[in-house]
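Quick notes on the structure that follows.
The values are calculated or read from the model by the stated rules, or taken from the named source; none is laboratory data. Remember, predicted model here, so these are calculated numbers, not experimental data. Positions of Cβ are generated from backbone atoms using ideal geometry, with glycine treated the same way; all protein chains shown enter the neighbour counts. Side chains included, ligands, DNA and RNA excluded: accessible areas come from the protein's heavy atoms. Shrake-Rupley method; radii C 1.70, N 1.55, O 1.52, S 1.80 Å.
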Amino acid sequence: MDQAPDEWQTRVDAVWADETLSDEERIVRIDGLAAGLGAGHPVALFERAGARDSAGEEATAEPLYRAALDAGLDPERRTRAIIQLASTIRNLGRVDESLQMLAEEYERTRGASMADEAAAFYALALVSSGDAVRGASIALNALAPHLTRYTRSVTGYAAELLDPRDA
C-alpha cells in the first residue's frame, strides 16, 4: 500500500460520504481503492462487500464479507462485518442463520465497543423471526443506559417482557 492506512480510510470514507455517486460509481471507486491494499486484504474485502451490499447486491456481498472475516479484521470491523453479513443473510431470507450470527455477536460484544449496534441488529433479526417481544427487550436493554432518567425502570420492564411472572 502506497499510502498510510489513515489516509486510505479517509479516501474510502469520502467515497461513502459522496451522495452524488450512484451505486455503480461507488462500487467502482471502492474497488479502485481496495486494489491499492491487495485483493486478499481483509479491509479491502470488507469495503468491497459493503459497497455491493449498499447497492442491493446482497448475493455478491455475502462471499466478500465471509472472505474478509476469514482473512482477519480488527475487532470493530469484525463486528461491523458480522452485523452487515447477518443483515445481508436476513435480507436473502435466511433469518435463522442471521439470528444465530447476531446472537453470538450480541453475547460477545456485551459491554464492549459496538455492543449497542450488535443489539440493534439482533433485535431486528428477532422481529424478523417472529419474536418481537424478545427483540423489544434486547432493544430496550441497549437503550436504557443512555437514558437521562428511568434507566432502572426501563431495564426492569425489558426483563419483564421476557418473564412476565416476575412482574
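So the values come out like this:
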item	result
Tally of residues being open to solvent by less than 30 Å² (accessible area, probe 1.4 Å), over 22 Å from ALA112 (Cα atoms) and of a type outside the set (Asp, Glu) across segment 43-64	9
Residue list for segment 65-90, restricted to those being over 13 Å from the mean Cα position of the chain (by Cα) and open to solvent by less than 70 Å² (accessible area, probe 1.4 Å)	ALA67, ALA68, ALA71, GLY72, LEU73, ASP74
Odd one out for GLY93, checked against (1) over 16 Å from the mean Cα position of the chain (by Cα); (2) buried (at least 16 other Cβ atoms within 10 Å of the Cβ)	(2)
Test: GLN3 is part of a helix (DSSP H, G or I), modelled with pLDDT under 95, over 17 Å from GLU58 (Cα atoms) and among the polar types (S, T, N, Q)	no
Helices (runs of 4 or more DSSP H) contained entirely in segment 47-134, each with at least 1 residues that are under 18 Å from ALA158 (Cβ atoms) and touching a residue at least 12 places away in the same chain (Cβ under 8 Å)	95-109, 115-128
Residue in segment 33-42 that is in a helix (DSSP H, G or I) and closer than 21 Å to ARG108 by Cβ present	yes
Answer residue from segment 142-152, given it is assigned to a helix (DSSP H, G or I) and open to solvent by less than 60 Å² (accessible area, probe 1.4 Å) and is farthest from MET101 (Cα to Cα) among those	THR151
